[in-house]
Amino acid sequence: MTNTKFSLLIKNGTVLFPDQAREEAVNIAVSDGKIALLTHDEPDAGFVIDAKGLFVSPGFIDSHMHDEEVCDGDTVEKALLRQGVTTAIAGNCGSGPLAADILPHRQKPWLNLGYLTGHTCLREAAGVTDIYAAANEEQREKMCKLLRSELENGSFGLSVGLEYMPNTPPEELAPLFDIVKEFKQRWIPVHIRSDGPQAVAATDEIIEYAKKWPLRFQISHTGSMTAFGHLAEVLQHIEKAADDGADVTFDCYPYDAFCTNLGSAVFDAGFEERWGKGLESLEIGSGPYRGKWLNEDNLYDRLRKEAPETLIIAHVMRGDEVELCLMHKNCAIASDSLLRGGHGHPRAAGTFPRALRMLADKGLPWHEAVRKCTALPAAMNWLNKGVIAEGADADLVIFDGEALRDNATFAMELLPPDGIKWVILGGTPAVRNNEVLGEPKGHLLRRA
C-alpha cells in the first residue's frame, strides 16, 4: 500500500470493466484527475465515497447530442450530466456550428464537450440558403476551405443531415469526404436521406460511401430512421458491410418517438404515408402550443409557416424494433438530445438510465449494458475514455442498479432519473443525487 494521500477514494463498490466484460469488488483511488490505483486496501484520501451496494462505471459517453443553441447549452449539458454523461459530442445531423460561432460560449462546459462541423452550416456559410438546392462549384470550394479550417481547429469530424437537405447530390459530398480523409481520427455521422420505407436504400447509400472512402461513417439514431418495419434488414446490411471491410457504426436512443423542427423537410408532404400515422401522432414539444397535437386548430399549417423552429415529437416508431436495435452488440447508446427554450424531448434527461434499465431487464449483464454507454462509443470516436484502469481519466458514475430508471416524460421532459448517486468528472464530484455541484467542471475538447 502506498503512503500517497489521494484526492478521492471510492470504496466497497462493484466496479464494472466494460472493455473486459467483467466486474470486480475493488476500490478506486484518484489523484490529479486520473485513476491512480485500483486496490483492495483503503488508502488515505481527502474525500471518501462508500459505494457499498452500488455499481461504479466509467462515465457515460454521448456521441450524438445537440448543443448548438447558445441559449440552451447549460440546460442540455446539466440534463446529460445528471444521468451520468461525462463526455459528449455535439453538432450532429449536419447542424454542427462553425467554431467561431459556438466556442466562445462553451469555454466552461458542464461536461467534456466536443463539436462536429455540420454540412448544413458549411452550406449556409458558403451562401447556399435553399435546403432543396445543391451547392454550385464555387460554393463547394468555399465549403471545402471552411471544413479544412474547422478540422485544423479541432473539429471532431463532418456531420451530415441528408434528410434535412434532401436533394444533396453525391458530387457535393465527395470533395468534403476527401478533406476529412486528410485528417486522423475524424469521422462522419450521418442522418440518412430518408426514414420509413426508403430507409434501407438510404442506409445503403452510406455503406457505399464507406466502401469508397477510408473513413468511419456512423448511422445516426438508427431506431428513429428505420423502426418502421425495416430495422432488421438495415442491421443485416450494416453487418454485411462490416464483414466486407467497410467502417460503419451506429447508435440509437430508447424511445419510439423522435423530435425535430416542424419546418424541416422531414415534415414535407408524404410523411403520413411514410410512417402510416398522421397529425394525431405529432405532439408539439416547444413554444406556446407545447403539449398540443398538430391535428388541432390547423396548427400544422399555421406553425409550419409562422414558427418553423417549433419542435415536434413524432410518436411514430415501433418500440419492439427500437429495442432490437439497442440490444445489438454493436449499437451505442446516444441521446440525440435537443431542446429549444428548455423544452423538447425527454431523451435529453432520460436516455441512459432508460436504455440501461431496458437492457438489464432483458437479461444483459451490467458490464455489457454499460459497454454500450462507455467503451463502445469511446472506441467508435477514438476517445481515450470509457474504461476503468490505472492512468485513465477519473470520469465515473456510481449508480444503484435496482433503483436505476428514467423519470422524464413528454410533459415533464427534464425530470432527472432515479439511481444515479454520484457523477465524478475529472476526479471531482459533479453530481450527487441529482444535484449538480458547484461550478462547471468539464473541458472543451478539440481533436488534435
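Summary of computed values
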quantity	calculated
Square roots of 5 times each gyration tensor eigenvalue, C-alpha, the range 98-202, largest first, Å	23, 17, 14
Loop trypsin sites (Lys or Arg not before Pro), the range 148-191, which have at most 11 other Cβ atoms in a 10 Å radius of their Cβ (DSSP)	Lys184
Size descriptor, Kirkwood hydrodynamic radius, that averages inverse alpha-carbon separations across the range 57-127, Å	12.4
Cα-based convex hull volume of the range 377-437 per residue, rounded to whole Å³	114
Listed residues His105, Phe60, Leu116: farthest to the positive end of the dipole of the range 51-199 (Cβ charges)	Phe60
Student exercise, the chain dipole from Lys, Arg, Asp, Glu Cβ charges, in Debye to nearest 20	820
Exposure rule at most 15 other beta-carbon atoms within 10 Å, DSSP loop GluC sites (Glu not before Pro): the chain longest free segment	1-181
DSSP-defined beta bridges in the range 1-126 - what % are antiparallel, rounded to 5	45
Probe 1.4 Å, protein heavy atoms only - accessible area per residue of the chain in square angstrom	38
Cα-only radius of gyration and Dmax that characterise the range 306-448, units Å	16.3, 55
With Cα atoms, 0 to 90° folded angle of helix 137-152 axis to the chain main axis	0
Inverse mean reciprocal Cα-Cα distance (Kirkwood Rh) of the range 368-412, Å	12.6
Estimated inter-spin distance, Asp301 and Glu182, nm [label 7 Å along Cα→Cβ]	5.1
Lysines whose Cα lies under 30 Å from that of Lys5, excluding same-chain neighbours fewer than 8 positions away	Lys34, Lys52, Lys108, Lys385, Lys421, Lys441
DSSP bridge pairs, the chain: antiparallel proportion in percent, nearest 5	55
Principal-axis tilt of helix 170-181 within the chain, Cα atoms, nearest 10 degrees	30
Alpha-carbon Rg with Dmax, taken over the chain, Å	21.4, 71
Trypsin sites (Lys or Arg not before Pro) within the range 369-448, DSSP loop, no more than 14 other Cβ atoms inside 10 Å	Arg446
Normalised alpha carbon radius of gyration of the range 241-295 [divisor 2.2 N^0.38 Å]	1.57
The range 15-99: equivalent-ellipsoid semi-axes (sqrt of 5 x gyration tensor eigenvalues, Cα, Å)	33, 15, 12
Accessible area of the range 179-280 belonging to carbon and sulfur atoms, whole % at 1.4 Å probe	47
Rg to Rh, two decimals, where the range 302-357 supplies the alpha carbon set and Rh follows Kirkwood	1.06
Compactness of the range 147-193 as Cα Rg over 2.2 N^0.38 Å, two decimals	1.15
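The values are calculated or read from the model by the stated rules, or taken from the named source; none is laboratory data. Quick caveat, the model's predicted, so the values are computed rather than measured. Virtual Cβ from ideal backbone geometry, glycine too; neighbours counted across all protein chains shown. These area figures cover heavy atoms from the full protein model, side chains too; ligands, DNA and RNA do not enter into them. Shrake-Rupley method; radii C 1.70, N 1.55, O 1.52, S 1.80 Å.
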